[in-house]
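Quick notes on the structure that follows.
The values are calculated or read from the model by the stated rules, or taken from the named source; none is laboratory data. All values reported here derive from a predicted model rather than from experimental measurement. Note that we place each Cβ from the backbone using ideal geometry, even for glycine, and neighbour counts take in every protein chain shown. Protein only, heavy atoms only, side chains kept; ligands, DNA and RNA dropped before computing areas. Shrake-Rupley method; radii C 1.70, N 1.55, O 1.52, S 1.80 Å.
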Amino acid sequence: MITDLWYKNAIVYCVAVESFMDSDGDGVGDFRGLTRRLDYLHGLGVTAIWLMPFQTSPGRDDGYDVSDYYNVDERFGTLGDFVEFTHGCKQRGMRVLIDLVVNHTSDEHPWFKSARSDPKSPYRDWYVWSKKKPKNADKGMVFPGVQTTTWTYDEAAKAYYFHRFYDFQPDLNTASPLVQAELLKIMGFWIQLGVSGFRMDAVPFVIAEKGPDVGLEPPSDFSMLRSFREFLQWRKGDSIILGEANIVPKEAMKYFGDDGDRLQMMFNFHVNQRLFYALASGDSGPLAKGLNETKTAYPTAQWGLFLRNHDELDLGRLEPEQRQKVFDEFGPEKAMQLYDRGIRRRLAPMLKADRRRLELAYSLMFTLPGTPVMRYGDEIAMGDDLKLPERYCARTPMQWSNRKNGGFSTAEKTYLPAISGGAFGFETVNVADQRRDPQSVFNWMERIIRMRQEVPEIGWGEYRVLPVKDPAILALRYEWRGNVVVFLHNFDVEPKEVAFRAEGTDDEPATLSNLLDENHSDPGPDGRHHVVLEGYGYRWFRLGGLDDILKRSEA
Ligand code: NOJ
């Protein structure tokens, strides 16, 4: 297997242009501001930037309601600024992934305006209609409690239209060959402007059969995924699709394809939920099981590993008592919860800014099987603003310094207020201060990212969960090209001793070299390693003494 699949060991950083840096003082982040911060991201060790939607949009779902796929929203700049940005990334060896939101458009998209106003419109069939109210109209909402239906009557069209999400996001009729051709054209356009692929929004809904008579579990057309991939690879061989699909592992495997011929990457929601359960309960059992359940069959397939993203932490697929445990620990108040299934907070407040637990969580994100996907502000442990509605609480401006608006903008009023005051305000949590402090989260993060880049075994290797007695400990071993790495994590507040074998069946027990400090481990007389982990402690080990490791890397 050739090893130049860039995404297998990338460090992905998710950013909303709106939130990162405002260059012209209008209170909204823009491409010119973001471009000026590329050296910062490069220095942190980021190798790929995932941009949240930035195309023209009324902004009723933070850009996930696009009204022109071929343009940059004027609040963020111009297409020219976009190309300067992708060029700046290229100069620094960084890739760009962008959100591709094609399950639905905005209701202000000219296609929908035309479709609703005239039954003979060429765009009528681009959406999903019903003369009568379908019997499942009040089922299948993605945002329960906020969204009340999936079919809304449109006066102009004299018909109901289907919308899996909010009513201002009419679903595209993705089964239509014309719509499919347009989707490819959209991809081709952005590929031409310098992106290396797409984070495809809402994939299960894109490929699901849609229509008034369709049941609650519609069949999926997987051939669409293959045709997206073929098109992209023809246009630009190293471009990829990272799918957003919160589904069970068996289903997820179909998205990768049996021969690895569909999506290259998928977010691992299954592991994400079990990881939070482990953090909340101290029991890593379900997480270990989840890791075994999500082993991919094909080496080009890769998981995107994340902790928190711009949406709520969706706990919908945990057992009820597991879910309750996570709510109790991390989101006990109603204001912290969302859509009857999740928690809308950022990670640092969930973990009460406990440095040991933050390091534990991020160490896991960087060592579990997959490509780590961080979110802007993670590197300084930014907080949230629960006064803001729904998911906006975790979308506040980046905190650069202790100056006005956290150094994000010189405007009097910003798109959302920067978090000010309290433990997470920009006066306390900001990049400038943390860069000067050798002990800061920022400096820890930079170092851990650097080390992650020196462990390609995580992206490429075969992994297995090592058997250890205590469920508070997760011991994970990777092997690739004769190299072995072992990661230990203690989910308990108490120190734990863990005993395990690390070598392959035919090998002699050998030293484990610690990758982060001097704390190495030699096997005991029983051939096993005995490591004492402090409460919430973690270890990154490479099998072999320093000399062996150097010899191997020369080979
Ligand atoms: C998933 C996105 O992550 C979310 O933010 C958005 O609201 C929906 N898809 C609809 O596009």
Rounded to the nearest 0.05, FRET efficiency between residue 39 and residue 117 (Cβ-Cβ, R0 60 Å) equals 0.80
With every protein chain kept in the model, how would you rank 148, 105 by accessible area, 1.4 Å probe, largest at the top? 148, 105
Considering only protein heavy atoms, what per residue accessible area in square angstrom results for the chain with a 1.4 angstrom probe? 41
Past 22 Å, Cα to Cα, is the threshold; run 289/334; 295/325; 8/469; 254/295; 236/295 against it and keep the listed order. 289/334; 295/325; 8/469; 236/295
For the pair residue 292 and residue 258, what calculated FRET efficiency results from E = 1/(1 + (r/R0)^6), where r is the Cβ-Cβ distance and R0 = 25 Å, to the nearest 0.05? 0.80
Of the heavy-atom accessible surface of the stretch 1-143 (probe 1.4 angstrom), what whole percent is carbon and sulfur? 49
CD proxy, 222 nm, the chain: helix-only mean residue ellipticity via -39,500 (n - 2.57) per DSSP H run with n ≥ 4, per residue, nearest 500, stands at -8000 deg cm²/dmol
One would report the Cα pair-distance distribution of the stretch 110-162, bin width 10 Å, in %, as 26, 46, 26, 2
Hey, can you grab everything whose amide H is under 5 Å from the amide H of residue 374? Only 5+ residues off in sequence or another chain; H modelled, so Pro and N-termini drop out. 12, 13, 14
Mind checking which lysines have their Cα closer than 26 Å to the Cα of residue 131? Skip sequence neighbours fewer than 8 apart in that chain. 113, 120, 139, 158, 210
Specify, per residue and in Å³, the volume enclosed by the convex hull of the alpha carbon atoms belonging to the stretch 336-395. 95
Note: the stretch 165-221 at 20 °C, 1.002 mPa s; Kirkwood Rh on alpha carbon pairs; Stokes-Einstein D in µm²/s works out to 164
Excluding ligands, DNA and RNA, the carbon-plus-sulfur percentage of the accessible area of the stretch 423-555 with a 1.4 Å probe reads 48
Kindly sort 84, 108, 503 by accessible area of their heavy atoms, largest first, with the probe set to 1.4 Å. 84, 108, 503
Area projected by the alpha carbon convex hull of the stretch 498-538, averaged over all directions, nm²: 3.2
Taking Cα pairs under 8 Å and at least six residues apart, what relative contact order does the stretch 460-554 come out at, in percent? 28
Express in % the proportion of alpha carbon pairs of the stretch 180-304 at distances exceeding 17 Å. 60
How long is the stretch 1-131 along each principal axis, judged by its Cα atoms, biggest number first, in Å? 55, 48, 22
If you count the DSSP beta bridges with both ends in the chain, what percent of them are antiparallel, to the nearest 5? 60
Amide H proximity to residue 55 below 5 Å, modelled H, separation 5+ or other chain, gives 73
May I have the convex hull volume per residue, in Å³, for the Cα set of the chain? 151
Which of the aspartates and glutamates could a cross-linker bridge to residue 250, judged by Cα under 13 Å and excluding same-chain residues fewer than eight apart? 258, 293
Radius of gyration, Dmax [the stretch 460-554; alpha carbons; angstrom]: 12.8, 40
Relative contact order for the chain, counting Cα pairs under 8 Å that sit 6 or more residues apart, in percent: 12
For residue 304, other-chain or 5+-apart residues with amide H closer than 5 Å (H placed, Pro excluded) are 266, 267, 268, 371
What's the carbon and sulfur percent of the stretch 318-376's accessible surface, probe 1.4 angstrom, rounded to a whole number? 46
